[in-house]
Ligand code: NHR
Ligand code: GAR
């Protein structure tokens, strides 16, 4: 028998804070058979997240861990780790998760946690990226999938989608154009990870064992 056929189906835990459209793209890719994996748990830091209903509808377990109920970031993150590790996931996926994570947390999931950030990193780290891209009058904007490290939005880049900024763009209109591309590239990167093709060695992303360029795999929308 091939070694691969003995391998476990990768388990994923997804962290959300909001609408969960990237979670939905992952649910859909798994349902379609494009990605072979199971989502063991969806965790939100707020009960208001619309993404919780998406998980429920797909029959996926959900848990709310409200950061407001913890006295420190460290206490919140320790509770997150407890809930995540209970599922023994191969991969942790941040999908619109809005809480900055402690060093303790990022080290614990080193090389097995991905994020999608709505900018062409290293430009526009942090929040309100679409507003800042328009304000800066850049011609190109987009989204980046990266491994999560302690450096906020500074972890090694896996894949980027480039979208044009148009003359009459508002942050909302631009965000919608970027989000559509997020739904394309995030499942691709997650698929690579689940197939064992995507790894992190030191601070370099390897694809099939070969280093990727600093901006990851370019993807032109
Ligand atoms: N944590 C670490 N250590 N490293 C990263 O790369 C992380 C991270 C946590 C989240 C997602 C990130 C994004 O894609 C992410 C990457 C939240 C903030 C933020 O400022 C910034 C970046 C990201 C997520 N959060 C505020 C906080 O005090 C709260 C903001 C709010 O609630 O609106 O945690 O953009
Ligand atoms: C996405 O654009 C994602 O890149 C961004 O929030 C949106 C979440 O949408 N993430 C961050 O800003 C993380 N700080 P979703 O909840 O519909 O997937």
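The values are calculated or read from the model by the stated rules, or taken from the named source; none is laboratory data. Just so we're clear, the structure is a prediction, and the values are computed from it rather than from any experiment. Cβ coordinates were reconstructed from backbone atoms using ideal geometry, including for glycine residues, and neighbour counts include every protein chain displayed.
Could you tell me how many of the residues in the stretch 1-34 are at pLDDT 95 or above and either within 14 Å of the chain's Cα centre (by Cα) or away from ligand 2 (no atom under 16 Å from the Cβ) (or both)? Step through it out loud before you land on a result.
Just the residues of the stretch 1-34 that are at pLDDT 95 or above, to begin with: 9-34.
Subset that is either within 14 Å of the chain's Cα centre (by Cα) or away from ligand 2 (no atom under 16 Å from the Cβ) (or both): 9-27, 31-34.
Number satisfying all stated conditions: 23.
Determine, yes or no, whether residue 47 is without any contact (Cβ under 8 Å) to a residue 40 or more places away in the chain, part of a loop (DSSP other than H, G, I, E, B) and more than 11 Å from ligand 1 (Cβ to nearest atom). I'd like the intermediate steps shown before the answer.
Values: without any contact (Cβ under 8 Å) to a residue 40 or more places away in the chain: yes; part of a loop (DSSP other than H, G, I, E, B): yes; more than 11 Å from ligand 1 (Cβ to nearest atom): yes.
Taking the combined requirement at face value, the residue satisfies it.
Each row is one residue, and each column tells you yes or no for (1) within 16 Å of ligand 2 (Cβ to nearest atom); (2) more than 20 Å from the chain's Cα centre (by Cα).
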{"residue": "43", "(1), (2)": "yes, no"}
{"residue": "46", "(1), (2)": "yes, no"}
{"residue": "53", "(1), (2)": "yes, no"}
{"residue": "57", "(1), (2)": "yes, yes"}
{"residue": "64", "(1), (2)": "yes, no"}
{"residue": "71", "(1), (2)": "no, yes"}
{"residue": "82", "(1), (2)": "no, no"}
{"residue": "87", "(1), (2)": "no, no"}
{"residue": "90", "(1), (2)": "no, no"}
Just give me the residues in the stretch 54-84 being assigned to a helix (DSSP H, G or I), closer than 24 Å to residue 29 by Cα and out of contact with any strand residue (DSSP E or B) (no Cβ under 9 Å at 6 or more places or on another chain), in sequence order. 57
Does any residue in the stretch 82-107 that is under 18 Å from residue 35 (Cβ atoms) come within less than 9 Å, Cβ to Cβ, of a residue that is more than 10 Å from ligand 1 (Cβ to nearest atom) and modelled with pLDDT under 95 six or more places away or on a different chain, and which pairs are these? 90/8
For the stretch 6-25, which positions are crowded, with 22+ Cβ neighbours inside 10 Å and farther than 22 Å from residue 127 by Cβ? 12, 13
Within the stretch 99-120, can you find the residues that are touching a strand residue (DSSP E or B) at 6+ places or on another chain (Cβ under 9 Å), in a loop (DSSP other than H, G, I, E, B) and within 10 Å of ligand 2 (Cβ to nearest atom)? 99, 118, 119
For residues that are more than 11 Å from the chain's Cα centre (by Cα) and within 9 Å of ligand 1 (Cβ to nearest atom), tally how many sit in the stretch 99-120. 8
Need a quick list: strands (runs of 3 or more DSSP E) entirely within the stretch 121-221 having at least 2 residues that are in contact (Cβ under 8 Å) with a residue 60 or more places away in the chain, out of contact with any helix residue (DSSP H, G or I) (no Cβ under 7 Å at 6 or more places or on another chain) and surrounded by 15 or more Cβ atoms within 10 Å (Cβ to Cβ). 140-147, 198-201
